[in-house]
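Visitor: Okay, here's the structure, questions in a sec.
Each value in this text was obtained by applying a stated rule to the coordinates, not by laboratory testing. If you're wondering where the values come from, they're calculated on a predicted model, not measured in any experiment. Here the Cβ positions follow ideal geometry from the backbone for every residue, glycine too, while neighbour counts run over all protein chains shown.
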Amino acid sequence: MSEVKLLGTQSSFPCARIIWALKLKEVEYEFIEEDLFNKSPLLLKMNPVYKKVPVLIHSDKPVVESLVILEYIDETWKHNPLLPEDPYERAMARFWAKFVDEKCVLSAWEAVKSEGENKKKAIETAQEMFEHLEKQIAGKKYFGGEKIGYLDLVIGWTSLWLNAMEEVGGMKLLVPEKFPSLSEWTQNFIRVPAIQDSLPPLENVVNYFQVGLDYLRSLSANK
Ligand SMILES: N[C@@H](CCC(=O)N[C@@H](CS)C(=O)NCC(=O)O)C(=O)O
């Protein structure tokens, strides 16, 4: 029996964050693919509050929420640290991680979903959020400095999942001319072997978002 298990789906970026962290730390784990339309009893037992993936199970104990799991992994397997050592730098990394999930991901998804005039506004809002990340990465190779770290893993979805969102939403958010440093960072990021080896095929992620969008639209059509 593997001591470390990850409940997830290959096409989900919160799950990818955990896969990347485990690979960077060289931790052996067993990946258990979940069907989110037919959740397993194990998932419901291990994450009864949110019923979402990823769930890291370490020695039979579950840890949920990707940002929490990343910190758990960093504290449990200390080699190849992900978070900076300096308390202020750590606080900043956590601040930007929260910003990414609360503002960048949600505004990008809003731009995917919106139509007509609302879409234009939603694209502008999402790009305002990306502007903050552009300022953070300007002049640096990684958000973590010279080495890939916690914040790189959190923002890693922009290297592939954002492309899929753009395809499904029929728009471009990460315009290289507007965001040269962030665009360059995505190229540096996917060149890291631990990342490159574990990226799902783009078409699977496009399909994943398309299914999600169709499902949301069917719900609002039936209201
Ligand atoms: N804040 C969570 C988000 C996790 C999340 O949204 N997981 C999705 C897959 S990407 C999920 O399990 N969705 C199933 C559902 O919402 O029922 C995290 O960072 O782990």
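Visitor: Determine the percent antiparallel among the DSSP beta bridges restricted to the chain, to the nearest 5.
Guide: For the chain, the DSSP antiparallel bridge percentage is about 70.
Visitor: If you filter the stretch 36-107 for trypsin sites (Lys or Arg not before Pro), then keep DSSP loop positions with at most 12 other Cβ within 10 Å, what is left?
Guide: Hits after loop and neighbour filter: 78.
Visitor: For the pairs 45/172; 78/178; 78/172; 45/121; 78/103; 103/140, flag any whose C-alpha to C-alpha distance is greater than 32 Å.
Guide: 45/172; 78/178; 78/172; 45/121
Visitor: If I model a spin label at residue 49 and residue 132 as a point 7 Å from the Cα along the Cα→Cβ vector, what separation in nanometres do I get?
Guide: Once both label points are built, they end up 2.3 nm from each other.
Visitor: Calculate the all-directions average of the projected area of the chain's alpha-carbon convex hull, and give it in nm².
Guide: The Cα convex hull of the chain, projected and averaged over all directions, gives 13.0 nm².
Visitor: Cut-off 17 Å, label point 7 angstrom out along Cα-to-Cβ of residue 140: give me the residues of the stretch 64-86 whose amide nitrogen falls inside.
Guide: 81-86
Visitor: Follow-up question, since we're still on this one. What do you get for GluC sites (Glu not before Pro) in the stretch 77-169 restricted to DSSP loop and a cutoff of at most 11 other Cβ within 10 Å of the site's Cβ?
Guide: Counting only loop positions with at most 11 other Cβ atoms within 10 Å, the GluC sites (Glu not before Pro) in the stretch 77-169 are 85, 115, 146.
Visitor: Between residue 30 and residue 181, what is the spin-label point distance in nm, taking each point 7 Å from the Cα along the Cα→C-beta axis?
Guide: 4.5
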